[in-house]
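Taking it in order: structure first as structure tokens, then the write-up.
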Amino acid sequence: MTAHELLQEMYHRLFDQYGPQGWWPGEGPLDVVIGAILTQAAAWRNVELALGNLKRAGCWSLLAIHQVPTQELAGLIRPSGYYNAKARKLQAFAGHVCASYGGDLARFLAGGTSHLRAELLSIHGIGPETADDILVYAAGRPSFVIDAYTRRILERVGIAPEGKRKDYQSYQLLFHRNLPADSQLFNEYHALLDRHAKERCGKVPRCTGCCLFKLCTTAQASHDVSTQTRMLPKGR
């Protein structure tokens with residue numbers, strides 16, 4: 001099975017198993033941008049608490065985030081963890097859009113995909129994963145998000161990049177070279193991989209009954225070992 005066929009089959013099996021995920025959890029591009037920054041090394045339930053604090057405090061625009069004292073902002077987003085660093089990241093993003101686009105997030109997100117990604121990566125605190133979260137979920141651009149869950153599943157299925165170079169870009173190219181450049185497909189596929197990693201393919205995988213079982217080299221190898229063990233004669 002080619003990489004194209006395998007990635008297509010994985011998607012269909014995951015979608016049949018879990019259905020549409022409806023990501024991003026939030027309302028509009030501003031929710032996505034702020035959430036993408038706050039969710040770095042944080043559980044989403046804690047991010048939701050921080051988002052709620054921002055909204056209740058009336059700190060819910062890029063201008064407001066840019067102008068609020070950094071320590072006050074850090075206090076509002078405290079539930080998301082690493083709140084001092086994240087406050088600086090939020091203000092770096094807000095400051096960039098306010099200075100270059102008059103605070104107009106829609107105008108900022110309207111740039112060409114390659115240019116927008118490069119511009120996002122130039123902002124303090126925005127790495128490749130966060131940039132692609134914003135591109136896919138806020139701007140509707142086909143730039144596949146690679147996270148720890150995606151890497152784990154690809155490694156176990158046996159479709160990870162070959163050789164020693166296994167950086168962010170090499171994983172992303174697997175999707176970009178083998179799937180249509182469709183932002184909705186990338187949106188749904190990433191969400192499905194995250195759902196599967198949380199429910200089935202955790203640090204200790206639960207392979208029995210997994211929808212990817214027949215496609216997964218790790219699951220097949222584990223199954224073969226288990227079968228051979230059962231067939232060994234018992235000692236006296």
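A short reminder: the numbers here are calculations on the coordinates, not readings from a lab. Fair warning: this is a prediction, and the values are worked out from it, not measured in the lab. Heads up, the Cβs are rebuilt from the backbone with ideal geometry, glycines too, and the neighbour counts pull from every protein chain shown.
Exposure here means at most 16 other Cβ atoms within 10 Å; with GluC sites (Glu not before Pro) in a DSSP loop as sites, the longest stretch of the chain lacking them is 28-161. The label-point distance for A106 and H176, in a model that sets each label 7 Å from Cα toward Cβ, rounds to 2.9 nm. For H124 and Q67, the FRET efficiency from 1/(1 + (r/R0)^6), where r spans their Cβ atoms and R0 equals 22 Å, is about 0.80.
Over all directions, the projected convex hull of the C-alpha atoms in region 35-85 averages 3.0 nm² in area. Counting neighbouring Cβ atoms within 10 Å and putting the fewest first, the residues S183, S80 line up as S183, S80. Computed across the chain, the Kirkwood radius stands at 19.5 Å (inverse of mean 1/r, all Cα pairs). Note: region 44-162, Cα convex hull, 123 Å³ per residue. Taking all pairs of different Cα atoms in region 139-187, averaging 1/r and flipping that mean, what Kirkwood radius in angstroms comes out? Evaluated over region 139-187, this radius sits at 11.3 Å.
Take the Cβ-Cβ distance between A85 and Y18 as r, set R0 to 45 Å, and report the resulting FRET efficiency rounded to the nearest 0.05.
Numbers: r = 33 Å, r/R0 = 0.74.
With R0 = 45 Å, the Cβ-Cβ based efficiency is 0.85.
Each residue in C201, C211 was given a count of other beta-carbon atoms within 10 angstrom of its own, and listing them fewest first yields C211, C201.
Each residue of region 126-142 is assigned a 3J(HN,Hα), and the resulting list reads 9, x, x, 5, 5, 4, 6, 4, 5, 4, 6, 8, 9, 9, x, 10, x Hz, derived from the Karplus form 6.51 cos²θ - 1.76 cosθ + 1.60 (θ = phi - 60°), x at Gly and Pro. A helix-only calculation puts the chain at -19000 deg cm²/dmol for mean residue ellipticity at 222 nm, using -39500 (n - 2.57) for each DSSP H run of at least four residues, averaged over all residues. Each Lys and Arg adds +1 at its Cβ and each Asp and Glu adds -1 at its Cβ; summed about the Cα centre, the chain shows a dipole of about 1020 debye.
Rounded to the nearest whole Hz, the Karplus-based 3J(HN,Hα) values (6.51 cos²θ - 1.76 cosθ + 1.60, θ = phi - 60°) of region 82-93 follow the sequence 6, 5, 5, 5, 5, 4, 5, 5, 4, 6, 5, 5, with x at glycine and proline.
Taking all Cα pairs closer than 8 Å and separated by 6 or more residues, the relative contact order of the chain comes to 23 percent. Under a model in which nothing but the beta-carbon of Lys, Arg (+1) and Asp, Glu (-1) is charged, region 1-79 shows a dipole of about 360 debye around its Cα centre. Close amide H partners of G103, meaning residues 5 or more places away or on another chain with modelled amide H under 5 Å apart, are C98.
Label-to-label distance, R56 versus V204, with points set 7 angstrom from Cα along the beta-carbon direction: 3.8 nm. Here the calculated FRET efficiency for A92 and R45, from their Cβ-Cβ distance with R0 = 25 Å, stands at 0.50, rounded to the nearest 0.05.
Each label point was placed 7 Å from the Cα along the Cα-to-Cβ direction; for E9 and R165 their separation is 2.8 nm.
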